[in-house]
Structure formats: structure tokens, C-alpha cells
């Protein structure tokens, strides 16, 4: 526990020292939101979105940006780099276990995701009148499960990739797919229905987030699928993960 | 009383036999060298000693403990510097040492260690900005920060320039003088000759020789060579009659005598008796390099 605390403190310092990555991780979704929000027509209620504004409709997709960036991109790259450079192995020769470093990275990933989501929700509310999630419990649950699913996938990538390059080769397509189905590249109403439906079930489960944000409780099936993905990928990662 | 005992160690990766049959014992307070060509099984052997790998057969005992069963205890008492082990780019020297010191019950003072390793003016420098020699010194410092009884150092000076290499050697001698037993994996013969009290030469997963560097040279490659220019003609028979001499050759005015044992004394005595002065006299002895070639049939990688 003692070692974990010290490792977490050191990793947090390193995390804060990488300012460009930190700002992108936490600020990018909000920046996109602000840019879109500056377009007047996107702030007008629109029947296409059941009378919501486009900004409200699109905000959950923006949550996907950070989730995908951190979960399937940054986390596996960092872990693969640490393994490739022998950081995990060196730690294994000391009284500290390399799992402490992995845990510290997960904590930082979560912190980044949380900070980014809070900033987005806050700015959306204050600047563009997007209401706070109307179904807070459902939203929290959808957010936790979606995050867990993506982080587990990220760990699975880190587990199967032997090198940093291999991790990136796996992470980039996964990231693009996550963003695409999450409706980041093309808003979901423009996607063919079947693609949008698939996106309901790909992590982080953007439909559940949208439902909970705009008021209805998320569908149990959507949440259940996220839980299943989180557990399956997590177990797979735990079995396949190598410290060297 | 040995602090490390390896008996009939075996380790294979799939079909590849990395360690076939290695037995050795390291005594307290010595610098013990593990030598061998690339892929001979040196690193695998010390990784088994460090508890990083599970042997397929044979026994390993470190400080009377089992590296796997008593891993938690041994990690407190054995410092390991692994081959090609780096740190995060943005981590600073002092941060790294303070973090690693915090893992141990009785750590060395990180600040003192930093000074001792000549990194005093680099304590706030990021790992990425360190030179190869500085990175290596930091790596050694990390292996020593827990105040270990045994330090295992793998490929200590690979990639260092000659000056940095010599500095590192001086450092290792200091560490030994402070009472730490050192296991040094290397393929630099000069390094082994300079530092090691004893060396084990490993080839194809087996120990092919175990002795002091000098002992190894004199048993495996005992031949010496004396070159000189005689002040007066010398009859070959004068030299070949000596029991120490095995051959005499002439190149121009130079005489080259090969032989073993107290060759120099025998040759200079007989020359003196005949009032012949040996000018430009040079004695060439075999080095650990020659012994290594003799033992393994490989040139040491240099």
C-alpha cells in the first residue's frame, strides 16, 4: 500500500509534467463543444433531436472522445512502453510489485476521464444551457460501466501487445472504431440506422449516456452489455498480461 | 560460507535450452564474474538467482533462502540491475532514487548515493536528458538504494565510452569494499580481469571453467612469449634446452621465445650467464581474452 501510494504520487507528477497530453485529455471534448456551441443554429431546439439542441444531443458523443483517448489509446501505450523499456521488470526486482504501477496508471486514467467529463458537463450547462444529466443515477452507472468497458479493452490491448508499436497498431483502429460508433466523427442521426444501433452496444455505450443525460433511464440491456465487455476484457487482460 | 549456491540449474524456453547444467557458488564479499558468449545462458542464470525466472531443474539458494518461496525477503536484501532496463523519460534522478528507496525497510540515503555516484549536479535532471554513462550510474544506484547484501549487475558497462567504463569500475570496487557481494555479468574480458575475484565461464548453458582470472589464464592459456634483440648471436640450443621453453623463432634481428612457467627468469638467467644483453625485451602473457577463446571457441564480443 505504501509502495502504491508513492508510485501513484510519482506517476501523477509525471502525468502533470506532460502538459500537452494532459490538456488534450481533459480539454479536447470541451473545446469541440465550445466551437460547435458558437454556431447559433446548433443552439436552437430542433425537431430532429426531439426538440433538443444539437449541442445537447451531441454532448454524450463528446464524452466518448476522452474515454476512447484514455482507455484504448493512452493507457495501453503507456503500459506497453513501461513494459518494453523494462520499467515493470525493474520494479519486479524490488519489494514493490509492478501491479502497483498498473494500478496507479488506472487511477490516473480514471482521474483524467472524470476531470474531462466534469468539465464538459459544467461548460455545457453554463455556456450552452445543456441541462445536467436528468437521470443522475442512470448516467453515473452508464458512465462507470462504459469507462470500465473501455479501460478493460485498453488493458487487453496492453496485455496482448508485446511492444509499444504493436500496442499502437492495435489501439489506433480500436480508437477510430470507438469514436465512429460513438458518433464523434459523424453525429449519430446521420449514421445509417444499423450503424447507430451497433453503436448502442459498443463501448462506452453512447445511447445509454444520451438517454440518462436527457431524462429517461438507460436501457438495462445496454448497461448489461457494457458490464459483460468490461468483465470479459478485464479477465482476458488479467490472464494474458505479462510484466516483461 | 557461500551467499549464492546454484546446483545443476536447468532452464529452457520451449525447445531452446538456455541453461543446461550450471553449478556455482559465490562467496560473501567477492566480485564474482559470469562470463560467456552471447546466448550462453548468463542472463538466464542470474535471473533465476534473482527470482525473476523459475528454473526447470536444479537448485538455487541465495543467503540461505529460496528465490521464489522467499521472494519478499530476498527483494529486500538483493539489489538487481537488469540489462536494458530504463526509466520513464520525465522522471528525475532524485525522484527515481527517492521512490525506489521508499520500497525498502533500510534504504541508503538517496542524496548521499547520488553524490557517491557522481550524479550530484544531475539530481533534478530528467532521465531522458542523461548521458549513457549517467543513466548507467543511476541504474546502479537504484540497485544499491536498498542497502543490499548482494548486488547482481547485468551488462554493467555495455554502451559506455572507455572513460565512463573505467569510472564505473572504480565505483564497483568501492561498493565491494563496503561489504556488498557482487555478481557481475559481462562479456568484456578487460572488465572481468580488472574487477572479478573469480569468474565462471558459461558456454552453451554449462560452466566450462571457474577460477580466478589469473588462475584461468595460467591453466587454460599458459603460454608466454618473450621478444628481445640479443647483443650477441645466441645459439637456439641455449634456449631450447631450458625446460620452460617450448619454441624459439627469429624475425630479423628479433628472437621470440615461447614457453610456460618461470620463462622470463629462465631466459634472462641463461642470457646473463653468457654475457648477452637482451635489448627491447618484452614479455607477452596470455590474457583472459585468450583463455576465453580457448574455452569457448568464440572471440569475446567487443
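Beyond 20 Å, what share of the Cα-Cα pairs of the stretch B:1-139 remains, rounded to the nearest whole percent?
Details: 5406 of 9591 pairs.
Within the stretch B:1-139, distances greater than 20 Å cover 56 percent of Cα pairs.
When you have a sec, figure out the Kirkwood radius of the stretch B:186-258 from all distinct Cα pair distances and drop it here in Å to one decimal?
Details: mean 1/r = 0.0665 Å⁻¹.
So the Kirkwood estimate lands at 15.0 Å.
Relative contact order, percent, of the stretch A:2-240 when contacts are C-alpha pairs under 8 Å separated by at least 6 residues?
On the way: 343 pairs, mean separation 61.2, N = 239.
Normalised by residue count, the contact order of the stretch A:2-240 is 26 percent.
Whole Å is fine, so just give me how far the alpha carbon centre of the stretch A:156-204 lies from that of the stretch B:7-49.
Between the Cα centres of the stretch A:156-204 and the stretch B:7-49 lies a distance of 46 Å.
Using label points projected 7 Å from each Cα along Cα→Cβ, tell me how many nm separate residue B:260 and residue B:298, to one decimal.
2.7
For chain B, set up a GNM with springs between Cα atoms under 10 Å and report which of B:251, B:186, B:158 has the largest fluctuation.
Largest GNM mean-square fluctuation: B:251.
Starting from the Kirkwood Rh over alpha-carbon pairs, what translational D in µm² s⁻¹ does the stretch B:90-145 have by Stokes-Einstein at 37 °C and 0.692 mPa s? Walk me through the intermediate numbers first.
Values: Rh = 10.8 Å.
It comes out at roughly 303 µm²/s.
Based on DSSP H runs of at least 4 residues, each adding -39500 (n - 2.57), what is the mean residue ellipticity at 222 nm of chain B after dividing by all its residues, to the nearest 500 deg cm²/dmol?
Details: 11 runs with 100 residues, N = 302.
It lands at -9500 deg cm²/dmol.
Which length gain, in nm to one decimal place, applies between residue A:189 and residue A:240 when the Cα-Cα distance is subtracted from 0.36 nm times their residue separation?
Working: separation 51, 0.36 × 51 = 18.36 nm, distance 3.83 nm.
Extending this stretch completely gives an extra 14.5 nm.
Run the simple label-point estimate for residue A:125 and residue B:281 please: 7 Å along Cα→C-beta, distance reported in nm.
So the two model labels end up 9.6 nm from each other.
Please give, to one decimal in nm, the separation of the simple spin-label points placed at residue A:23 and residue A:172, each 7 Å out from Cα toward the Cβ.
2.5
Considering the Cα trace of the stretch A:81-222, what is its radius of gyration and what is Dmax, both in angstroms?
17.8, 54
Report, largest value first, the span of the C-alpha coordinates of the stretch A:20-62 along each principal axis, in whole Å.
The principal-axis extents, from largest down, are 39, 18, 8 Å.
In µm²/s, what is D for chain B at 37 °C and 0.692 mPa s, where D = kT/(6 pi eta Rh) by Stokes-Einstein and Rh is the Kirkwood radius from Cα pairs?
Numbers: Rh = 21.5 Å.
Roughly 152 µm²/s, to the nearest whole number.
Hey, fewest Cβ within 10 Å first, where do A:41, A:116 land in order? Before the final figure, lay out each step's value.
On the way: A:41 8, A:116 24.
If I rank by nearby Cβ atoms, fewest first, I get A:41, A:116.
Under 18 Å from a point 7 Å along the Cα-to-Cβ line of residue B:105: which residues of the stretch B:51-83 have their amide N that close?
What the label zone holds, given the 18 Å backbone N cut-off, is B:62-80.
Return one number: the angle in degrees, 0 to 90 and rounded to the nearest 10, between the long axis of the Cα atoms of helix B:263-273 and the longest principal axis of the Cα atoms of chain B.
30
Mind telling me which of B:271, B:74, B:65 comes out most flexible in a GNM of chain B, alpha-carbon contacts under 10 Å?
So, out of B:271, B:74, B:65, the one fluctuating most is B:271.
What number does the stretch B:119-198 give for Rg over Rh if you use C-alpha atoms and the Kirkwood radius?
Working: Rg = 12.6 Å, Rh = 13.2 Å.
We get a ratio of 0.95 for the stretch B:119-198.
Out of B:240, B:157, B:287, any idea which swings most in a Gaussian network model of chain B, alpha carbons joined below 10 Å?
Taking springs between Cα atoms under 10 Å, the residue moving most is B:240.
If I take R0 = 60 Å and measure r between the Cβ atoms of residue A:31 and residue B:214 in this structure, what FRET efficiency does the formula 1/(1 + (r/R0)^6) give, to the nearest 0.05? If you can, show how the numbers build up before the last one.
Details: r = 70 Å, r/R0 = 1.16.
Computed FRET efficiency for residue A:31 and residue B:214 comes out at 0.30.
At 20 °C and 1.002 mPa s, grab the translational diffusion coefficient of the stretch B:223-285 from Stokes-Einstein with a Kirkwood Rh over Cα pairs, rounded to a whole number in µm² per second. Don't jump to the answer; show the numbers that get you there.
On the way: Rh = 11.3 Å.
In µm²/s, the coefficient is 190.
What is the helix-to-structure angle for B:132-144, meaning the angle in degrees between its Cα long axis and the longest Cα principal axis of chain B, kept from 0 to 90 and rounded to the nearest 10?
With rounding to tens, the tilt is 70 degrees.
Tell me the Rg and the Dmax, in Å, that the Cα atoms of chain A produce.
Spelled out, the Cα radius of gyration and Dmax of chain A are 18.4, 62 Å.
Report the relative contact order of the stretch A:175-222, percent, no decimals, based on alpha-carbon pairs under 8 angstrom and at least 6 residues apart. Intermediate results must be reported in sequence, preceding the final value.
Numbers: 43 pairs, mean separation 13.6, N = 48.
Averaging sequence separation for qualifying contacts and normalising by length gives 28 percent for the stretch A:175-222.
Please work out the Kirkwood hydrodynamic radius for the protein assembly as shown, using every pair of different C-alpha atoms, and report it in angstroms with one decimal place.
Numbers: mean 1/r = 0.0360 Å⁻¹.
Here the Kirkwood hydrodynamic radius works out to 27.7 Å.
Assuming 0.36 nm per residue, please report the length gained on full extension of the stretch residue A:165 to residue A:198 beyond their Cα-Cα distance. Display every interim value, and only then the final one.
On the way: separation 33, 0.36 × 33 = 11.88 nm, distance 2.88 nm.
Length gained, residue A:165 through residue A:198: 9.0 nm.
Over the stretch B:223-285, what relative contact order in percent results from Cα pairs under 8 Å that are six or more residues apart? All intermediate terms of the calculation are to be shown ahead of the outcome.
Details: 105 pairs, mean separation 30.9, N = 63.
Relative contact order for the stretch B:223-285 comes out at 49 percent.
Which residues in the stretch B:256-296 place their backbone N less than 11 Å from a point set 7 Å from the Cα of residue B:238 along the Cα-to-Cβ direction?
So the set is B:268-278.
Here, each number is a calculation from the coordinates, and none is a lab measurement. Since the structure is predicted, the reported quantities are computational estimates derived from the model, not experimental observations. In this analysis, Cβ positions are derived from the backbone assuming ideal geometry, glycine residues included, and neighbour counts consider all displayed protein chains.
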